[in-house]
Amino acid sequence: MRIILAGGGTAGHINPAIAIANFIRLKDPDAQILFIGTEHGMERELIPREGYDITFIRVSGMKGKRNLKNLVPAAQFVLAIGACRRIIRRFRPDVVVGTGGYVCAPVVAAANSMHIPTLIHEQNVFPGSAIRMLAKRSDVTAISFGESARYLGDAKEILLTGNPIRPAVLQADRARARKELGLSDERYIVAFGGSLGAKRINEVMCDYIASIRHDTSVRLCFATGERGYQEVMNTLHERGLEHLGHVEVKKYIHNMDVALAAADLAICRSGAITVSELMALGVPSILIPSPNVTNNHQEYNARALADNGAAVMIAEKDFDVHSLERETKRLLDHPQILRETAEHAIAMSKTQATEMIYDKLVSMMH
């Protein structure tokens, strides 16, 4: 199997492509795999670290409709299609896969124009502009949530796969994780705002820590992100809250698979991979969608879970210590509600994404 993968900009587009590549390599160690990306996206570091070859093209994102600033990206896009056609001719792939981000648009468009089989994968409920544009001509559009189909009416073929999920998450065990973290019967809350952190979540969590300062029946692990750590620690110090034995504050949660497997409740953003991991592990969650993302896609993700009883959604404008206390109390003080939320999350989960995509790619080659 010879395969080109393209997806870039953020880890949310790159990690699914890596997960697909890793599964292909597991099934077919002789597979030839090439990534295409840009030099200013995170793929520049993440792909070589995984041991894959990557070649770079010049392309940038559009700035909305009818914007004069789009003249340069539009010219780059046309030139990038030509560059991608040359790469494809050289590499001779059996199939081309795109996982979103503006870099995947010229790669998949070039493959479609050359009649190379193509599969594109959308991580979020509301498809990004690249996926919406490519779905009309791509052979297969794989989606992570059933709700996405309504936005892709002109797709040739839709395949509901879910999001590729890290093996460490799929193999995580609640009893083993709780033992590893030294938990007995305390309720364990994990809170985080993503790798960089989220200012509003950090502010509210400081207030929440004050509200549980004497409640040792709850243990909290709170990741501030790189940017917010010092500010949070300063705030907690000023309020005499930095040395609570049942509250752990850190920049990152490096063992997120263990933390989530052990958790009774998660408080976090609603990025596609995050919510997919929460569903796979059956973790009840309070989701605060970021209002600062393209197409407001995090709200679509959170709403999909909330509408199915698999999570609680609080809009950032309504997120304060009172709304957080109200919802954590409602969930943690009522084991039945917590259990039902977990069951609904598991019912929504799709954990076979990489296998389904691999099987489809194999069938597309014949």
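Limiting things to C-alpha atoms, what are the Rg and the maximum Cα-Cα separation (Dmax) for the stretch 271-366, in angstroms?
16.0, 58
Relative to the longest principal axis of the C-alpha atoms of the chain, give the angle of the C-alpha long axis of helix 104-113, reported between 0 and 90° and rounded to the nearest 10°.
Value to nearest ten degrees: 30.
Students often check this: by mean Cβ neighbours within 10 Å, which of 185-192, 330-337 ranks highest, and how do the rest follow?
For the peptides 185-192, 330-337, the packing ranking is 185-192, 330-337.
So what are the ³J(HN,Hα) numbers for the stretch 5-13, from phi and the Karplus equation (6.51, -1.76, 1.60; θ = phi - 60°), rounded to whole Hz, Gly and Pro as x?
Running phi through 6.51 cos²θ - 1.76 cosθ + 1.60 with θ = phi - 60° gives 10, 9, x, x, x, 10, 4, x, 8 Hz.
Percent of accessible area on the chain owned by carbon and sulfur, 1.4 Å probe?
Carbon and sulfur atoms account for 51 percent of the accessible area of the chain.
Each residue of the stretch 271-277 in turn: what ³J(HN,Hα) in whole Hz from Karplus with 6.51, -1.76, 1.60 and θ = phi - 60°, glycine and Pro shown as x?
x, 4, 5, 4, 5, 5, 5
Please tell me the relative contact order of the chain in percent, rounded to the nearest whole number, where contacts are Cα pairs under 8 Å and at least six residues apart.
This gives 15 percent for the chain.
Taking the full set of protein chains and a 1.4 angstrom probe, give the accessible area of H297 in square angstrom, rounded to the nearest 10.
Around 40 Å² of this residue is reachable by solvent.
For the stretch 5-64, what is the convex hull volume of its Cα atoms per residue in Å³?
76 Å³
Taking a quarter of the surface of the convex hull around the Cα atoms of the stretch 176-251, what do you get in nm²?
4.9 nm²
Taking only Cα atoms, what is the 0 to 90° angle, nearest 10, from helix 297-307's long axis to the longest principal axis of the chain?
The two axes meet at around 60 degrees.
If you count only protein heavy atoms and use a 1.4 Å probe, how large is the accessible surface of K329, to the nearest 10 Å²?
Roll a 1.4 Å probe over it and K329 shows about 130 Å².
Which loop-located trypsin sites (Lys or Arg not before Pro) does the stretch 73-146 contain, where loop means any DSSP state but H, G, I, E or B and the Cβ has at most 14 other Cβ atoms within 10 Å?
K136
Using the Kirkwood formula on the Cα atoms of the stretch 136-286, what hydrodynamic radius do you get, in angstrom to one decimal?
Its Kirkwood hydrodynamic radius stands at 17.0 Å.
Explain nothing, just compute: Karplus ³J(HN,Hα) = 6.51 cos²θ - 1.76 cosθ + 1.60, θ = phi - 60°, for every residue of the stretch 149-156 in order, whole Hz, x for Gly and Pro.
4, 5, 9, 10, x, 9, 5, 5
Could you give the radius of gyration (one decimal) and Dmax (whole number) of the Cα atoms in the chain, in Å?
21.5, 66
With +1 on each Lys and Arg Cβ and -1 on each Asp and Glu Cβ, and nothing else charged, work out how big the dipole of the chain is about its Cα centre, in Debye to the nearest 20.
It works out to roughly 1420 debye.
Out of the stretch 66-169, which GluC sites (Glu not before Pro) are coil in DSSP terms and have no more than 13 other C-beta atoms within 10 Å?
When the GluC sites (Glu not before Pro) of the stretch 66-169 are filtered for loop state and at most 13 Cβ neighbours within 10 Å, E157 remain.
Using only helices, what value at 222 nm comes out for the chain when you add -39,500 (n - 2.57) per DSSP H run of length 4 or more and divide by the total residues, to the nearest 500 deg cm²/dmol?
-13000 deg cm²/dmol, from helical runs alone.
The values are calculated or read from the model by the stated rules, or taken from the named source; none is laboratory data. Here the structure is a predicted model, which means the values were calculated and not measured. Don't worry about glycine lacking a Cβ; one is built from the backbone with ideal geometry, like all the others, and counts go over all protein chains shown. Keep in mind that these areas ignore ligands, DNA and RNA; they rest on the heavy atoms of the full protein, side chains included. Shrake-Rupley method; radii C 1.70, N 1.55, O 1.52, S 1.80 Å.
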